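A short worksheet on the structure shown next.
The values are calculated or read from the model by the stated rules, or taken from the named source; none is laboratory data. None of these values were measured; they are calculated from a predicted model. Counting neighbours? That spans all protein chains shown, and the Cβs are built from the backbone with ideal geometry, glycine included. What goes into the accessible areas is simple: the full protein's heavy atoms, side chains included, and nothing from ligands, DNA or RNA. Shrake-Rupley method; radii C 1.70, N 1.55, O 1.52, S 1.80 Å.
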Amino acid sequence: MSQVNTETKPVPKVDKAAKVAGDKKERKKKRHETYSSYIYRVLKSVHPETGISNRAMAIMNSFINDIFERIATEASRLARYNNRHTLTSREIQTAVRLLLPGELAKHAVSEGTKSVTKYMSNA
């Protein structure tokens, strides 16, 4: 009587993200999204002669991410308190008023209102 081989050989896994070109494998770079291009544009529009170091850019990027998170969290909380499922410009505006101090909040609200108005007119 012959014996049947029950052992199975492991099947090599093929990485779908990697492109196989002969022996070489090219990996797709993971996208790292930052606000650096926007920070740079604003800096150049305000102070055309001034540059910014990579470390300063990283600090600014971190700052913007932090403020974004705080505003989004506060706006979400406001929507939940009012039994709403949608964040509107009103929740964002109120969150900005609650989070930012005095004059800074006023300027932020006026700039935000201006931006929303411009967006709506172009849409």
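What is the count of Lys pairs in region 14-123 whose alpha carbons sit under 14 Å apart, if the two are 8 or more places apart or on different chains? Close lysine pairs found across region 14-123: 6. Using a 1.4 Å probe on the protein heavy atoms, what percent of the accessible area of region 43-117 belongs to carbon and sulfur? Carbon and sulfur atoms account for 57 percent of the accessible area of region 43-117. Residues in region 39-54 carry Karplus couplings, in order, of 4, 4, 4, 5, 4, 5, 6, 8, 10, x, 8, 9, x, 8, 7, 4 Hz; the curve used is 6.51 cos²θ - 1.76 cosθ + 1.60 with θ = phi - 60°, and Gly or Pro positions show x. Scoring 29-37, 101-109 by mean Cβ neighbours within 10 Å over their residues and listing the highest first yields 101-109, 29-37.
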